[in-house]
Amino acid sequence: MNSSSGVIGFNINSTSLVDCAELSTENIIYILENNVTDVYGTCFTITANNITLNCQGHTITYAYGGIGYGVNVQYTNATIKNCIIRQYSGSNSNSYAIYAFTGTNNVDGLTVDNNNISTAGEYSYGVYVYDYCSWINVTNNVINTTGAQSTGIDLYASYFDNIIGNEINTNNGWGIDVDAGVGHDLLIKNNRIN
């Protein structure tokens, strides 16, 4: 922080991405500079706290030939924004565009904002938050699911969440699914589900 001139400023560290990767440096904004397509399995895995993935409108096509995720979130305070995330057409089942799973780490404070998400496989969700994650914000996204039993947004055992202003289109599943153990202060408003 620099305040010598009376103006408070912050240094924001960012780095460019041109291919899929493990995002493992804390307090970094990763900026996707081009489309990444035909990804076998998972494209991005977030393995540190306080990471932002800003796709700048670029496309991630994941699960080409194998089960995988567009973005696999494993740590706290991740932000995924301005992405077009597509499951490879005719893809495998159980492949989620954005997947947050607590496992051995807390996955609290996830923000998913202003993305365009499409899934095609059976049981393939747009945003899947699983196993005691909290403070999840899913806002201003367009989510399309076409696979059987697929869901736009699925929260399982999560607390203090906001699902606001999303457009969800699904022909074989649920728009928003709130599963066992979802607790206090869940706010769902201004979503359009078809």
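The values are calculated or read from the model by the stated rules, or taken from the named source; none is laboratory data. Note that the structure is predicted; figures quoted are calculated from it, not measured. Don't worry about glycine lacking a Cβ; one is built from the backbone with ideal geometry, like all the others, and counts go over all protein chains shown. All accessible areas refer to the heavy atoms of the entire protein, side chains included, with ligands and DNA or RNA removed. Shrake-Rupley method; radii C 1.70, N 1.55, O 1.52, S 1.80 Å.
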Item to check | Failed condition for Y99, given (1) crowded, with 20+ Cβ neighbours inside 10 Å; (2) at pLDDT 95 or above; (3) more than 15 Å from F44 (Cα to Cα); (4) not aliphatic (A, V, I, L, M) | outcome: (3)
Next on the checklist: Restricting to region 9-63, name every residue that is of a type in the set (S, T, Y) and over 28 Å from N94 (Cβ atoms).
Outcome noted: S14, T15, S16, T25
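Filtering region 163-174 down to residues that are touching a strand residue (DSSP E or B) at 6+ places or on another chain (Cβ under 6 Å) and modelled with pLDDT under 95, which residue is surrounded by the fewest Cβ atoms within 10 Å (Cβ to Cβ)? Talk me through it step by step, then tell me what you get.
Filtering region 163-174 down to residues touching a strand residue (DSSP E or B) at 6+ places or on another chain (Cβ under 6 Å) leaves 163-165, 167-170, 173-174.
Those still in the list that are modelled with pLDDT under 95 too: 170, 173-174.
On the way: T170: 22, G173: 22, W174: 17.
For region 163-174, the residue satisfying everything is W174.
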Checklist outcome for this item: In region 141-165, anything free of Cβ contacts under 8 Å to residues at least 40 places away in the same chain, under 17 Å from R86 (Cα atoms) and not β-branched (V, I, T) is listed as N141, N144, A148, S150
Checklist outcome for this item: Contact list, first residue from region 97-111 and within 14 Å of V127 (Cα to Cα), second anywhere and part of a strand (DSSP E or B) and among the small types (G, A, S), beta-carbon distance below 7 Å, six or more apart or interchain, is V107/A100; L110/A100
Checklist outcome for this item: Taking region 30-45 and the residues there that are aliphatic (A, V, I, L, M) and farther than 20 Å from I67 by Cα, the one that is surrounded by the most Cβ atoms within 10 Å (Cβ to Cβ) would be L32
Checklist entry - Within region 104-118, is there a residue that is of a type outside the set (D, E, K, R), open to solvent by less than 20 Å² (accessible area, probe 1.4 Å) and over 17 Å from C133 (Cα atoms)? => result yes
